[in-house]
Structures are given as structure tokens and as C-alpha cells.
1. Taking the stretch 121-135 on its own, how many of its residues are under 16 Å from PRO74 (Cα atoms) and modelled with pLDDT of 75 or more?
2. For the stretch 68-90, how many residues are out of contact with any Gly (no Cβ under 7 Å at 6 or more places or on another chain), surrounded by 15 or more Cβ atoms within 10 Å (Cβ to Cβ) and not small (Gly, Ala, Ser)?
3. Could you grab me the full set of residues in the stretch 103-117 that are without any contact (Cβ under 8 Å) to a residue 60 or more places away in the chain and not in a loop (DSSP other than H, G, I, E, B)?
4. When GLY23 is evaluated against the numbered criteria (1) at pLDDT 55 or above; (2) open to solvent by 80 Å² or more (accessible area, probe 1.4 Å); (3) more than 30 Å from HIS149 (Cβ to Cβ); (4) not hydrophobic (A, V, I, L, M, F, W, C), which criterion, by number, is the only one it fails?
Amino acid sequence: MTSIAAYVIGEWAGYAFFRALAGLGLGALVAATVLTVRQPQVSVRRDLSPDRVERGRPALATLRVRNTGSRWQPAFAAHDVAGDAREQVRIRRLGPDSEATYRYELPTSRRGRIAVGPLTLERRDPLGLARNSLATGEVATLWVHPRRHPTRTVVAGRPRHHHVGRTADDSLRGSADLRDVRPYVVGDEVRHLHWKATARTGQLMVRDYVDPDQPRLTVLLDTRSETLPEATFEEAAEVAASILFAASMAGHRCRLLTSAGADLAAPGGALASRQFLDELCLAKQSDDRAALLPPSLTTGASSGGAIVVVTGARGTASDLAPLLVRYGSVTVLGLGPVRGIAPILGARVILAGDATDALQQWSGVIE
């Protein structure tokens, strides 16, 4: 537009300078178009290392760019998007069938599931008059977990004594104990036949396997914004993550619930701990005045074991009264400025200003 205006002024006023200026501008535009008309002929692969990281810990993206053509590839820029952040990588000139590797950090200051990509390859002329963009690559996912703090588990052992204790309805695979030898009924596993008892009684007898009651932990995270400010809610998520991670890695069966309705149960192990941390990545606060206890905690059969309620530093006994008859151990971890919490007969109450303080107290009082 500037070149056209200069040419019009030059023709109208008869000034050769403006006509020359218009010619220079038009020539620069043509040159910029020629330089950028060809899109980068490259293959691009981006890897995240790691793809799951604690909040505040470093996470790197590795960008591998290969020139798949038979000619030199001019320099260009690659733009990557990670949530609200944007990263620009300058790709140097590449020879035929050559590859270059670039690394850059991804933002991990906020908890959550972050979409990384797609990549945008862009060529621009030196004067910035023209550009040619190409979107490529897949969208990757970076999971930024809540920070975890050292803590103890709520239970220390896995009782597996034959013929001792009550059995669990939801059996854990691989932990069955022999409780009885009984007559065979249609549908029983043939591999459980007890041949000595069969020979002695004259009828088919099978071993009856059931599971002893296993140590289990339930964590309820309060997601109501009226009880936990945003900054304190992040501390609460860290408390829940630390307790669930420690218990899962110790092999205990755990369950995570939120006031918003999320419900995840998993047996112990590394995979279960990752599932809980991923679920806590997605936990968000709600503005509605929902009840602290979701319906799944107040209806149906009791799951037993211990429950930890992570909430603000205030509450009432009526909110948690249904838990006292459904769980063997009830602990309330109240975070934030202490405004006073009503005593809860039969429950352990811990008040703390942040996650570190809460978990230190928790480690000091659990059995």
C-alpha cells in the first residue's frame, strides 16, 4: 500500500523520487514473495521428556528436524504452543538428508493437563514483508502433577492370615486365601478340585478361596471454592497427591473422591499412583454450593478402611457425621488460616497453614 501511495504521489506531483521509492518497495515485495513462496520441505518430530512432571520441575521438548529433500533447506522458524505459552525455535540451514536437534523448556508452573502443539513452521523474508506458515506435527499432552511431599502411609501392613479376619467383597487379584473345602457346585473352577477330600468323601470337593480384608485408604478432596481459596486449593491438591502416592506405592488399595463428583478407585502399584496423579491434574474448583460429601460416600455398602478429608480450616460435625459409622478411621486435614473448626467426636482433626505443615503433622499422628 505504501508503494502504491508513493507511485500515485509521484505521478500526480511529477516527482521522480516518489516513483523510484515505489519501485523499490514493489521490488522488495516481489523478492519477499520469492523467498517465502516455498514451504519448508522437512520432517519434524517432537518428544516430551518427561510427559508427566511435578509442578515446578523442568520438562523439556526435543525437536528433531530432518531435511527430506535433495536441496539445501533455507533457515526458518518453528513455533510451538504449550497452554498459554509460545516458544519460538530458530532452525538453521540444513543440507540434504541432514538432521538438527533443538531443546526448549515447557511451562510447568501451573498444575493441569497442557496441550503442546501443533507446531507451526514459518518462513519470513529479512524485512518481514511476507511469511509462509505450515502447521505440522501432532498435539502432545504434558501432565503437570501436584507437588508431592514426603509422608507416611496410613497403614503399614498387608494382613494375609489364613482363616483370620473378615473378607472383602471386592477381591484383589492374587491375594486369595484358602478358607474352606466344600462340595463342588456347577460353575466352580475345575482347577480348584481337592482330590484328597474327594477320595475321602466320595464326592467332588473344591477349595474355597476368598480374600482377607485388605488395607485401604479413601481421600476426599474438597473442591468447593467457598471453603478453599485458589492458592489454598493447590496446597490441598498437594496433600491429596502426597498421601495417595505414598499409599499406592506401598501397595494399598486407594480411592479418590472430590466434592464435584470425581471418583477413582485403584489397587496399589505404580500404575495406580499415576492414575491418581493424573486425576488430580484435572481437579478444579466449583462455585456451586454443593455438599462436601458426594452421594457415593453416604449411600451403598461401607467400603471400610480409613478416610482422609482434605478441606479448609473450618467445618462442622454435621458435615462428616455419616463417615464416622462407615469408616474405621476418619481424619480431617484443614488448610488455610485457622478460623476455628467444630470438634468432631471420633475423628482426628489436623489444622495447618500449608501442605508441608499438614503432612508433617499427619506423619506424626498416624498409626
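The values are calculated or read from the model by the stated rules, or taken from the named source; none is laboratory data. Computed from a predicted model, the values in this text were never measured in an experiment. Methodologically, a virtual Cβ is constructed for each residue, glycine included, from the backbone with ideal geometry; neighbour enumeration extends over all protein chains shown. Please note that ligands, DNA and RNA were not included when accessible areas were found on the heavy atoms of the full protein model with its side chains. Shrake-Rupley method; radii C 1.70, N 1.55, O 1.52, S 1.80 Å.
1. Going through the stretch 121-135 one residue at a time, the tally reaches 4.
2. The qualifying residues number 5.
3. Once the filter is applied, which keeps residues that are without any contact (Cβ under 8 Å) to a residue 60 or more places away in the chain and not in a loop (DSSP other than H, G, I, E, B), the stretch 103-117 yields ARG103, TYR104, GLU105, ILE114, ALA115.
4. So the condition that GLY23 fails would be (2).
So that you can scan it fast, the table gives a plain yes or no per residue for (1) at pLDDT 60 or above; (2) aromatic (Phe, Trp, Tyr):
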{"residue": "TRP143", "(1), (2)": "yes, yes"}
{"residue": "PRO159", "(1), (2)": "no, no"}
{"residue": "ARG166", "(1), (2)": "no, no"}
{"residue": "ARG179", "(1), (2)": "yes, no"}
{"residue": "GLN203", "(1), (2)": "yes, no"}
